[in-house]
């Protein structure tokens, strides 16, 4: 049975997405995600809102740099501290929400843990291909282009 916190995340996430799809008052939401390799796979979040897998990361705070965003979000979602973060590329998506996402390849240390947003775990590239949330499809395409 899902915990209260995971159900609460589901409600908040789905409500916020619905509202922002219809009323994008701040324009494209800036955010950052991290590609972190571990044990032959990639760290991903099994999202509690039921949308699938996502790379650790999230929305930037006001005037927060993309690198600070990815460091903060990875710590919040996985318990890992990023030791190196190398910017790779950024992209924009108009749907389902207008976003501008910065992608970093990162190394991190610490013990992997989950958060109210979802279960952090290691997945392989085929599973990412099948289950990645649609706004992060370009990150998986990038990994495929590298042959990794």
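The values are calculated or read from the model by the stated rules, or taken from the named source; none is laboratory data. As the structure is a computational prediction, the values presented were derived from the model and not from experiment. Every residue, glycine as well, gets a Cβ built from its backbone with ideal geometry; the counts of neighbours run over all protein chains shown.
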Exercise. Among all residue pairs at least 6 apart or on different chains, which show Cβ distances below 7 Å where the first residue, located in the range 1-22, is loosely packed, with under 12 Cβ neighbours inside 10 Å and the second is assigned to a helix (DSSP H, G or I) and at pLDDT 80 or above?
Worked result: none
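Any idea which residue in the range 46-65 is farthest from the chain's Cα centre (by Cα), counting only those that are under 19 Å from residue 141 (Cβ atoms) and crowded, with 20+ Cβ neighbours inside 10 Å? If you could, list the steps in order and put the result at the bottom.
If we filter the range 46-65 for residues that are under 19 Å from residue 141 (Cβ atoms), which is where we start, we get 51-57.
Imposing the further condition that a residue be crowded, with 20+ Cβ neighbours inside 10 Å reduces the set to 53-57.
Details: 53: 8, 54: 5, 55: 4, 56: 4, 57: 4 Å.
Applying the filter and picking the extreme gives 53.
Specify the residue that is farthest from residue 84 (Cα to Cα); the eligible residues are those in the range 107-124 that are part of a strand (DSSP E or B) and more than 13 Å from the chain's Cα centre (by Cα). Spell out how you get there, then give the answer.
To start, the set of residues in the range 107-124 that are part of a strand (DSSP E or B) comprises 107-109, 115, 118-123.
Now drop any that are not more than 13 Å from the chain's Cα centre (by Cα), which leaves 107-109, 122-123.
Details: 107: 5, 108: 7, 109: 10, 122: 19, 123: 21 Å.
Per the criteria, the residue is 123.
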Exercise. Hey, among the residues in the range 111-126 that are touching a helix residue (DSSP H, G or I) at 6+ places or on another chain (Cβ under 7 Å) and over 24 Å from residue 93 (Cα atoms), which one's surrounded by the fewest Cβ atoms within 10 Å (Cβ to Cβ)?
Worked result: 113
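For the structure I just gave you, tell me whether residue 143 is over 22 Å from residue 61 (Cβ atoms), in a helix (DSSP H, G or I) and in contact with a helix residue (DSSP H, G or I) (Cβ under 7 Å, 6 or more places away or on another chain). Let's see the steps before the verdict.
Details: over 22 Å from residue 61 (Cβ atoms): yes; in a helix (DSSP H, G or I): yes; in contact with a helix residue (DSSP H, G or I) (Cβ under 7 Å, 6 or more places away or on another chain): yes.
It is true that residue 143 is over 22 Å from residue 61 (Cβ atoms), in a helix (DSSP H, G or I) and in contact with a helix residue (DSSP H, G or I) (Cβ under 7 Å, 6 or more places away or on another chain).
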For this session: Test residue 16 against the criterion of being over 27 Å from residue 147 (Cβ atoms) and either touching a helix residue (DSSP H, G or I) at 6+ places or on another chain (Cβ under 7 Å) or in a helix (DSSP H, G or I) (or both), and give yes or no.
Result: yes
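Kindly evaluate residue 103 against the criterion of being part of a helix (DSSP H, G or I), within 17 Å of residue 58 (Cα to Cα) and touching a strand residue (DSSP E or B) at 6+ places or on another chain (Cβ under 9 Å). Please lay out each step first, then the result.
On the way: part of a helix (DSSP H, G or I): no; within 17 Å of residue 58 (Cα to Cα): yes; touching a strand residue (DSSP E or B) at 6+ places or on another chain (Cβ under 9 Å): yes.
So residue 103 does not fit the description; no.
Could you say whether any residue in the range 82-99 is in a helix (DSSP H, G or I) and either more than 17 Å from the chain's Cα centre (by Cα) or exposed (fewer than 13 other Cβ atoms within 10 Å of the Cβ) (or both)? Don't jump to the end; show me each part of the working.
Just the residues of the range 82-99 that are in a helix (DSSP H, G or I), to begin with: none.
No, because not a single residue in the range 82-99 is in a helix (DSSP H, G or I) and either more than 17 Å from the chain's Cα centre (by Cα) or exposed (fewer than 13 other Cβ atoms within 10 Å of the Cβ) (or both).
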For this session: Go through the range 106-135 and count every residue that is in contact with a strand residue (DSSP E or B) (Cβ under 6 Å, 6 or more places away or on another chain) and farther than 14 Å from residue 46 by Cα.
Result: 6
Seminar exercise, completed: Of those in the range 127-137 that are farther than 16 Å from residue 56 by Cβ and in contact (Cβ under 8 Å) with a residue 12 or more places away in the chain, the residue surrounded by the most Cβ atoms within 10 Å (Cβ to Cβ) is 129
Exercise. Would the range 25-36 turn up any residue that is in contact (Cβ under 8 Å) with a residue 60 or more places away in the chain, in contact with a helix residue (DSSP H, G or I) (Cβ under 6 Å, 6 or more places away or on another chain), outside any strand (DSSP E or B) and buried (at least 20 other Cβ atoms within 10 Å of the Cβ)?
Worked result: no
